[in-house]
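Read through the structure below, which is laid out as structure tokens, and then see the notes.
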Amino acid sequence: MLGLMQSQPLLISGLIEFAERHHGDAEIVSRRVEGDLHRYSYKDMGQRARRVAKALDGLKLAFSDRVATLAWNGYRHLELYYGVSGSGRVLHTINPRLHPDQIAWIANHAEDQVLCFDLSFLPLVQAVHARCPTIKHYIALCDADKLPADSGVPNLQSYESWIDAQNTGYTWPSFDENTASSMCYTSGTTGNPKAALYSHRSSTLHAYAAALPDVMCISARDSILPVVPMFHVNAWGIPYSAALTGAKLVFPGPALDGKSIYELIEAEKVTYAAGVPTVWQMLLTHMKPAGLKFSTLKRTVIGGSACPPAMIHAFREDYGVEVLHAWGMTEMSPLGTLCTLKNKHDALPEAEKMKIRLKQGRAIYGVDMKIVDANGEELPWDGKVFGDLHVKGPWIVREYFKGEGGDPLVDGWFPTGDVGTIDPDGYLQITDRSKDVIKSGGEWISSIEIENIAVAHPAVAMAACIGVAHPKWDERPIIAVVKKPGMEVTRDELLRFYEGKTAKWQIPDDVVFVDAIPLGATGKMLKTKLREMLKDYKLPQT
Ligand code: AMP
């Protein structure tokens, strides 16, 4: 016997229809590439998203055709999120920090038909368009009078004149909720990039889950600043969760420096922000010397790479901001775990609570996880044993776009490539990417743990730990360190700083001071590049 409830597909257009009708005047504020602040409402956004959908019909785009973006976080990008997916096409957000060769490769692989870009990326488009034969139309996200003359980019028009030509009489189509809605390529540090292809159903379920109190806790009372880019796993789903709850959205555009972010948080009374640790590092570096404080910010979700404990402490103790440590990946839409305490933790002393907060957190309903050994056998949840982390759930990839890389699943579970422990309360702690674990004398050393200790030193801005071949121990850890401007620390001082903070055999063998640690397109440390940089490095004789 089937249930007798109404059947309605979970479609992305449903989110904007809801926001327009029930939170029509909630604000969307954007710092534009032009430098000024733009503000309008969900109602305005919905109307313009329909114009986008109609304009795509006008270009004769077929159902499921790909529309690519090279754009910052802003209102026009948001209109494309809804207009492209809502009309049944697939939004392909390209990371502009990738190398032009990779961008051309990705655009060809996705068979993009249209490319919409912020004018900051015109040079990039000029560099790649000749190598992207599938792209028939180029749309510059600007007013008609800002459209550059003689750009050399074929079929280029301004976004505003493109959508102005459409009236708003458009009804969102209804279709199977399993239809593809957007796609995002993984960083591809080895081999070609592979695309996660999200569906309307997976994105909507993820948006529901992300808004829950034990996840991002998003509500109509929030003013949200997603610093995490809309080209990185749909800005962690915030553009969808915000519409689902009617939260105010504040977009930073290209201005990601500490001063601009701080001013935007204060001016727009931001209550909640989300981003990777490197961005927050810039913000704290700006605030500390000037003695600045937040007046409205209550919580920040930090993920994408391990959040150093020193940052969690600083936000909490110096600024009264709760840090929610999150873990996920492109293949997971991206949210997998988020760290909030349970009722039974209420009575714990502050230091014990902090130990929990430093972990990557508990699985969200919809995500199941397990750790396994080299034979695929499940390992115990004792918070000590670590193994390869496998996950499954309705917003986790089953297969990559075009079957790239073959069948990724093992017995129905997706192997994340991360290594971690799970404690008896279900809290995950990531110790490493499996390829970054340091194997020393038959034991494993977590590079994240070694890095976290280094960045707790007041003179250290950034630290990356890698393994170096050792004749006796197989590998030994060394730590590459960038010092804070105007601060000093010597190799021996830093090595002494480790004493008592980790087992003796886990203390790095050496410290290498570097000017910068190479970062990838999503702001994560690129250890492959660092290893290349240090390929002639020799361990000190002991
Ligand atoms: P991406 O697909 O580019 O978002 O990268 C996903 C990878 O980033 C994960 O598989 C982890 O290795 C890493 N990552 C994400 N969040 C965290 C976190 N909170 N702690 C440690 N590593 C993380």
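The values are calculated or read from the model by the stated rules, or taken from the named source; none is laboratory data. Keep in mind it's a predicted model, so treat the numbers as computed, not measured. Glycine also receives a Cβ, built like all others from the backbone with ideal geometry; neighbour counts cover every protein chain displayed. In case anyone asks, the SASA skips ligands and DNA or RNA and just uses the protein heavy atoms, side chains included. Shrake-Rupley method; radii C 1.70, N 1.55, O 1.52, S 1.80 Å.
A few remarks follow.
- Short-range pairs are left out: with C-alpha atoms under 8 Å and at least six residues apart, the relative contact order of the chain is 10 percent.
- Computed on the range 33-102, with alpha-carbon pairs under 8 angstrom and 6+ residues apart, the relative contact order is 36 percent.
- On Cα atoms only, tilt of 100-110 relative to the major axis of the chain in degrees: 60 degrees
- With R₀ fixed at 51 Å, the C-beta to C-beta distance from residue 64 to residue 488 puts the FRET efficiency at about 0.35.
- Translational D in µm²/s for the range 438-533 (Stokes-Einstein at 4 °C, 1.567 mPa s, Kirkwood Rh from C-alpha pairs): 95 µm²/s
- The range 166-183 versus the range 95-128: alpha-carbon centroid distance in Å: 24 Å
- Unit charges on C-beta of K, R, D, E only; dipole of the chain, Debye: 380 debye
- For the range 290-365: rounded, prolate or oblate by the Cα gyration tensor [a/c cutoff 1.5]: oblate
- For residue 63, the shell of other residues with beta-carbons less than 11 Å away shows a net charge of -2, using +1 for Lys and Arg and -1 for Asp and Glu.
- Calculated P(r) of the range 224-381 - Cα pairs past 19 Å, %: 58 percent
- Carbon/sulfur fraction of accessible area - the chain, other protein chains in place, 1.4 Å, %: 52 percent
- Computed over the chain, Kirkwood Rh from alpha-carbon pairs, angstrom: 24.4 Å
- Averaging the Cα positions of each part gives two centres, and for the range 511-525 and the range 18-73 these lie 35 Å apart.
- Averaged over its residues, the chain has an accessible area of 42 Å² per residue, based on protein heavy atoms and a 1.4 Å probe.
- Taking a Cβ cut-off of under 15 Å around residue 200, the surrounding Lys, Arg, Asp and Glu residues balance to a net charge of -1, with basic ones at +1 and acidic ones at -1.
- If you wrap the tightest convex hull around every Cα atom of the range 1-134 and split its volume per residue, you get 139 Å³.
- Highest-first arrangement of 222-235, 192-205, 425-438, where packing means the average Cβ count within 10 Å: 222-235, 192-205, 425-438
- What separates the Cα centres of the range 259-275 and the range 443-468 is a distance of 29 Å.
- Amide H contacts of residue 251 (H built 1.01 Å from N, under 5 Å, at least 5 apart or other chain): 29, 30, 31
- Residue 51 sits with roughly 60 Å² accessible to a 1.4 Å probe, with DNA, RNA and ligands left out of the calculation.
- 25 °C / 0.890 mPa s Stokes-Einstein diffusion coefficient of the range 121-228, Kirkwood radius on C-alpha pairs, µm²/s: 135 µm²/s
- Dipole magnitude of the range 438-533, debye to nearest 20 (Cβ charges: Lys/Arg +1, Asp/Glu -1, about Cα centre): 180 debye
- The residue 378 and residue 295 beta-carbon pair, evaluated with R₀ = 60 Å, returns a calculated FRET efficiency of approximately 0.80.
- Cβ-defined net charge surrounding residue 84, 10 Å radius [Lys, Arg +1; Asp, Glu -1]: 0
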